[in-house]
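All remarks here apply to the structure that follows.
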Amino acid sequence: MYIRYQHARNAALVLGFAGTLAYCCTRESPPSPAPVHLAAPVAAPRTPAAPVASATSAATPPGEGDLARELLVIQRASHQATPNEKVKDALSGYPWKVNLYEETGDAQYDRLKIDKNRDDTWDDSWTFKSGRWEKQGGYAWTGQGWTGPDGQPVPGAAAAAATPAPVAAAAAVAAPAAAADPLVRAAQELLTGRASGDKVKDLFRGAGPKVNLYDDDKDGAWDRAKVDADRNDDWEEKWTRKGGVLERKNEKTGKVLLFQGGGWVEK
């Protein structure tokens with residue numbers, strides 16, 4: 001009896017221990033928290049720094065392609081002016097539209113404006129100061145080419161040969177005498193006057209040389225002239241306007257003169 005009790009007790013102990021062991025082995029452990037990986041901070045895109053505005057707008061140097069046309073403008077602006085005169089489209093028919101202004105009551109134009117593509121927007125303006133033409137950006141015409149704001153010649157903007165300087169003060173003093181020359185007045189009319197028709201016969205109406213003017217292309221500007229100096233019905237001279245430059249050719253000698261600075265000079 002006692003031995004049977006001992007066996008029963010031992011069996012119960014063994015079963016209890018085995019149950020406890022099974023419970024401990026089958027119990028789920030709480031999952032370990034997943035490791036947290038902190039992402040590196042993403043750099044914000046770099047915004048380029050705004051350019052620092054210049055205190056003054058950059059000067060645009062005269063272009064090489066413009067020089068030939070600028071020479072024509074200077075030659076035309078060097079012609080004798082009438083006090084307080086305004087000439088619209090002084091190079092009529094030329095790619096550039098040029099207006100000239102005399103504002104100080106003398107024989108020299110003081111200011112001009114240029115519309116380079118005839119879109120009714122003025123692209124450049126020049127002023128006559130201290131005996132020379134100056135343009136926007138601090139550029140000055142020396143008679144040989146342009147100098148920059150630093151006073152140094154602008155590369156590629158120099159004339160191949162010297163061109164007539166603008167009318168100086170001494171020339172302006174002599175202007176009234178030159179204006180008395182009928183052929184000077186005829187040249188000024190051909191260059192600056194508006195054509196009233198296809199042809200004007202005898203510009204001076206029997207006084208002095210006989211001058212006929214012609215508007216061949218009917219654009220409102222005179223293109224050429226014929227001159228009979230002694231009124232013997234023999235046209236000795238033919239004048240032709242080419243891009244704002246007036247050439248005067250003697251049909252007998254072949255000599256050619258150009259109208260510059262309010263007078264005639266040899267070509």
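The values are calculated or read from the model by the stated rules, or taken from the named source; none is laboratory data. It should be emphasised that the depicted structure is a prediction, and the values quoted were computed from it without experimental measurement. A quick note on method: Cβ atoms are made from the backbone with ideal geometry, for glycine too, and the neighbour counts reach across all protein chains shown. What goes into the accessible areas is simple: the full protein's heavy atoms, side chains included, and nothing from ligands, DNA or RNA. Shrake-Rupley method; radii C 1.70, N 1.55, O 1.52, S 1.80 Å.
General remarks:
- Condition check for ASP233: open to solvent by 60 Å² or more (accessible area, probe 1.4 Å) and of a type in the set (Asp, Glu): yes
- Sole residue being of a type in the set (Asp, Glu), at pLDDT below 90 and more than 21 Å from VAL256 (Cα to Cα), chosen from ASP181, ASP219, ASP215: ASP219
- Complete set of residues in the stretch 236-267 that are open to solvent by less than 20 Å² (accessible area, probe 1.4 Å), in contact with a strand residue (DSSP E or B) (Cβ under 9 Å, 6 or more places away or on another chain) and part of a loop (DSSP other than H, G, I, E, B): GLY244
- When the stretch 125-146 is filtered for residues that are more than 15 Å from the chain's Cα centre (by Cα) and either under 19 Å from ASP115 (Cβ atoms) or open to solvent by 20 Å² or more (accessible area, probe 1.4 Å) (or both), the ones remaining, listed by number, are THR127, PHE128, LYS129, SER130, GLY131, ARG132, TRP133, THR142, GLN144.
- Test: residue in the stretch 200-210 that is of a type outside the set (Asp, Glu), touching a residue at least 60 places away in the same chain (Cβ under 8 Å) and either part of a loop (DSSP other than H, G, I, E, B) or open to solvent by 20 Å² or more (accessible area, probe 1.4 Å) (or both): no
- Picking from residues in the stretch 104-120 that are modelled with pLDDT under 95 and open to solvent by 30 Å² or more (accessible area, probe 1.4 Å), the one that is nearest to TRP222 (Cα to Cα) is ARG118.
- Of all the listed residues (ARG231, ARG205), the sole one being more than 29 Å from ASP110 (Cβ to Cβ) and modelled with pLDDT under 85 is ARG205.
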